[in-house]
Amino acid sequence: MAEYANIIIDISHEKLDKAFQYKVPGDLQEKLSVGMQVEIPFGNGERRATGYVVELTDKPEYDLGKMKEIYGVVEGSVPIESQLIALAGWMRKNYGGTMNHALKTVLPIKQKAREKKQRFVKLELSKKEASGQLALFEKKNHKARARLLTALMEQSPLPYEAVTGKLNITASVVRAMGAMGILSVEEKRMYRSPFGEEFKQGKEQLTLNQEQQELVGCIWKDAQKGRHKTWLLHGVTGSGKTAVYIELIAKMVEEGKQAIVLIPEIALTYQTVVRFYQRFGERVSILNSKMSAGERYDQFERAKHGELDVMIGPRSALFTPFSNLGVIIIDEEHETSYKSETLPRYHARETAIERARMVGAAVVLGSATPSLDSYYKAMQGEYALLKLEKRIEEKPLPRCEIVDLREELKQGNRSILSGRLQELIEGRLNQKQQVMLFINRRGMAGFVSCRSCGHVLKCPHCDVALSQHNNGRMVCHYCGHEEPVPAACPECGSKYISGFKAGTQKVEEIVKRKFPGARVLRMDFDTTRNKAGYEKILSSFANQEADILIGTQMIVKGHDFPNVTLVGVLAADLSLYISEFHAVERTFQLLAQAAGRAGRGSLPGEVVIQTYSPSHYCIELAGQQDYVKFYETEMECRKLMGYPPCGHMMAMLVASKDEMTAALSAELLGKKVRQAQDSGKLSGLSVVGPANAAVAKVKDIYKKVIYFKHEDYQELVKIKDVLEAFVGSHREFANIIMQFDFDPMNGF
């Protein structure tokens, strides 16, 4: 039972830092919860005000003699703000950080952008009165007034710009006629549209195949019965998951409900959004990082005022202020971008499930390569599993060929393009078909491997590759083990041992040199810096204005190019051996997603995967598009190491401007947990570290990390709570930063 409540009086974003503490009366101590709207005394005059409970505590922060008491809960009033604040409270508890961090995440517009308004001139007279007034103006030869009155009799209201522009009426004439009571000038809020003129609404009706219809029916039947589950839709690439989403949303909208569709930022393209716009028209909107503050603010306002049915966007769209939410869809649910890298380090998947639970909505997670976490929960019965096992119109999956780059080196080919890939590219160019070349650079942390035998140097204490640093040493970012980069391969003695690096620009130069007649496009961070960068490149390629598209992972995210019949993966190993336990899973996902771009039209597709590790189960199974076999194999490895989803992990960052303070604080906090562990209070807990963070010093701040592993997530939450309280009550920790990351995806 909490005796005190921290309350924000105004949820305008500039005032989120200021919370006021009130006493909780005895009759409310069992009833009150975070997010509730309450009535309180406020100010010297004891005026009644309403506020929102953002935190409940047993610790008074002010003089009890001066602290006021809550009057009561505002009954029958559960506005959208209450839902979002309650969600912020849940995020604060489960992911750490302060309540203020959580509030600024769920109410994400930090500053109200200037409203865009348009003025209109409106006729205030009846038709008969206007006719009499017009005759009077004409008699007195008041030409401007007569002209304006005639126009208003034909159409009212008129945009103010049209009156002063096309009709050439001065502002003084408008004011004079307003003073006479003939007209009035009104201001109307105008929303900035995120859609360009190229978006044309047309009621596109989808025709679903039997498999798709059964899935929609299954989810809809449960929703109507009030069974709001979390569904995992596992559909092969090209199986029509988007059509299932649209049909399900259409059913929700017909029932007066709203939908949120989360899409990785990188896949939020014109090609994706246009399908939703053609079905839902102006009742759908989008959010993305390239939009202005004004555009983003307007979309949230439209949602809040009931002018939208569907919001599409990256993880921040999850907090769209819909008051009657029916479904949350997370497309490409395996994507790491759904995990926040800033406080609070929430995962959009778990947060979406909690928001849906609060309001009685369904959650649909979709992917051709689901995260192991989600598939594990589906196997455990926590999620309901649905499958789309065939491509639309039963088109075949692409044929895959794996090329061993060690053999290429033996044959004297040191090019990044294997002989087989060059041969296939030549053939596609001759047939006027398109090619995508994917460079797997995600998470490239400078791992070291042998070009002759493919051996990768790993940590002797952890099942991850060592990362190459600029000082000529290799480091494990899990336990801190260090060793020098060897001059020769310890496996075969070859001198061809080094870090592997390949840039898109370098590949573009090689491709243009090999195929001088080909039209080549490059898509990477440099070429997509401006607002329309993605769209310009993708639309050019879709319109077949280029033959070859070269890019990093951004080119393999959900795009549909019917004329692409060949996909080349140039360096499959680059993400396979990074110093991170998700490395194998992410590599499989990237390779399977890349392969899925080929053969989506009427022509069959082919994929070439170039690798130094052709026998690795990840490479082989990605080539076979066999997700289930990959899941079973990788889960055996996770079980052996106790990694998620077989257990849970919490990373704790301890950072300070003083290196000694960071090191000693991390040691002390680790020791506190180990003492509890030794006393038997924390059975089943594993503690690793402290060790240096992946980048041990950033902007003169030294960073240490401790990892905690336990099969029960809530046990880790309790450890977080204890450590936060311990640090908060000891002044010696005043100069450290402490953060937590649950089931980390990238680490600190």
(Q) Given points 7 Å out from each Cα along the Cα-Cβ axis, report the residue 671 to residue 119 separation in nanometres with one decimal. (A) 7.2 nm
(Q) What's the ranking of 506-515, 533-542 by average number of surrounding C-beta atoms within 10 Å, highest first? (A) 533-542, 506-515
Q: Provide the percentage of antiparallel DSSP beta bridges, counting only those with both residues in the chain; round to the nearest 5.
A: 55 percent
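Assuming 0.36 nm per residue, please report the length gained on full extension of the stretch residue 186 to residue 678 beyond their Cα-Cα distance.
Details: separation 492, 0.36 × 492 = 177.12 nm, distance 7.31 nm.
Between residue 186 and residue 678, full extension yields an extra 169.8 nm.
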Q) Taking a probe of 1.4 angstrom, what is the accessible area of residue 379 in Å², to the nearest 10? A) 100 Å²
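I need the per residue convex hull volume for the chain, using only the alpha carbons, in cubic angstrom as a whole number. Walk me through the numbers before you get to the answer.
Working: hull volume 164.0 nm³, N = 748.
Enclosed volume per residue, from the Cα hull, is 219 Å³.
Please go through the residue pairs 18/709; 458/672; 458/629; 68/304; 229/339; 127/166 and name each one whose alpha carbons sit more than 29 Å apart in this structure. Write out the running numbers ahead of the final one.
Values: 18/709 36 Å; 458/672 31 Å; 458/629 25 Å; 68/304 32 Å; 229/339 22 Å; 127/166 23 Å.
Distance filter (> 29 Å) returns 18/709; 458/672; 68/304.
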Q. So what is the calculated 222 nm ellipticity per residue for the chain, using -39500 (n - 2.57) for each DSSP H run with n of 4 or more, over all residues, to the nearest 500 deg cm²/dmol?
A. -10000 deg cm²/dmol
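Ranked from the most accessible area to the least, with a 1.4 Å probe and all protein chains present, what is the order of 63, 712, 743, 222?
On the way: 63 90, 712 65, 743 30, 222 10 Å².
Descending accessible area places them as 63, 712, 743, 222.
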**Q.** Solvent-accessible area, 1.4 Å probe, carbon plus sulfur percent, for the chain
**A.** 48 percent
Q) Taking Cα atoms, how many degrees apart are the long axis of helix 533-542 and the longest axis of the chain, rounded to 10 and kept between 0 and 90? A) 70 degrees
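Once the Cβ-Cβ distance between residue 423 and residue 544 is put in as r, and R0 is 35 Å, what FRET efficiency do you end up with, to the nearest 0.05?
My answer for the efficiency is 0.95.
Among the trypsin sites (Lys or Arg not before Pro) in region 613-693, which ones are in a DSSP loop with at most 12 other Cβ atoms within 10 Å of the Cβ? Mind listing them?
Numbers: sites: 629, 638, 639, 657, 671, 672, 674, 681; in loops: 657, 681.
Listed in order of number, the matching sites are 681.
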Q | Dmax and Rg, reported as Rg then Dmax, of region 268-414 (C-alpha, Å) | A | 19.8, 67
Q: Normalising by the residue count of region 333-394, find the relative contact order in percent from Cα pairs under 8 Å and 6+ residues apart.
A: 28 percent
**Q.** Per DSSP, loop trypsin sites (Lys or Arg not before Pro) in region 48-100 with at most 11 further Cβ within 10 Å
**A.** 66
Q) Going highest first, how would you order 142-149, 584-591 by mean Cβ packing within 10 Å? A) 584-591, 142-149
Q. To the nearest 10 square angstrom, how much accessible area does residue 228 have with a 1.4 angstrom probe?
A. 80 Å²
**Q.** Nearest 10 degrees, 0 to 90: helix 348-359 Cα axis against the chain principal axis
**A.** 40 degrees
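Could you rank the peptides 79-87, 400-408 by their average count of other C-beta atoms within 10 Å per residue, with the highest value first? Spell out each step's value before the answer.
On the way: 79-87: 20.4, 400-408: 18.8.
Sorting 79-87, 400-408 by mean packing, highest first, produces 79-87, 400-408.
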Q.
Along the Cα→Cβ direction, 7 angstrom out, place labels at residue 431 and residue 414. What is the inter-label distance in nm?
A. 3.4 nm
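Let me check something: with ligands and nucleic acids excluded, how do 166, 720 order by accessible area (1.4 Å probe), largest to smallest? Before the final figure, lay out each step's value.
Numbers: 166 190, 720 0 Å².
The most accessible residue leads, giving 166, 720.
Find how much the distance from residue 514 to residue 663 grows on full extension, using 0.36 nm per residue of separation minus their present alpha carbon separation; answer in nm with one decimal. Walk me through the numbers on the way to the answer.
Values: separation 149, 0.36 × 149 = 53.64 nm, distance 5.31 nm.
So the extension gain works out to 48.3 nm.
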Q) Between the helical axis of 504-514 and the dominant principal axis of the chain, each derived from Cα atoms, what acute angle in degrees is found, rounded to the nearest 10? A) 70 degrees
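Determine the gain in length on full extension of the stretch residue 640-residue 140; use 0.36 nm per residue of separation and subtract their C-alpha separation, reporting nm with one decimal. Please report the intermediate quantities before stating the final value.
Details: separation 500, 0.36 × 500 = 180.00 nm, distance 9.64 nm.
Length gained, residue 640 through residue 140: 170.4 nm.
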Q. Between residue 224 and residue 9, what is the label-to-label distance in nm when each label sits 7 Å out along the Cα-to-Cβ direction?
A. 5.0 nm
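Averaged per residue, what accessible surface does the chain expose to a 1.4 Å probe, in Å²?
Numbers: 33580 Å² over 748 residues.
Computed with neighbouring chains in place, this is 45 Å² per residue.
The values are calculated or read from the model by the stated rules, or taken from the named source; none is laboratory data. Here the structure is a predicted model, which is why all the values come from computation and not from measurement. Neighbour counts run over all protein chains shown; Cβ positions are idealised from the backbone, glycine included. Keep in mind that these areas ignore ligands, DNA and RNA; they rest on the heavy atoms of the full protein, side chains included. Shrake-Rupley method; radii C 1.70, N 1.55, O 1.52, S 1.80 Å.
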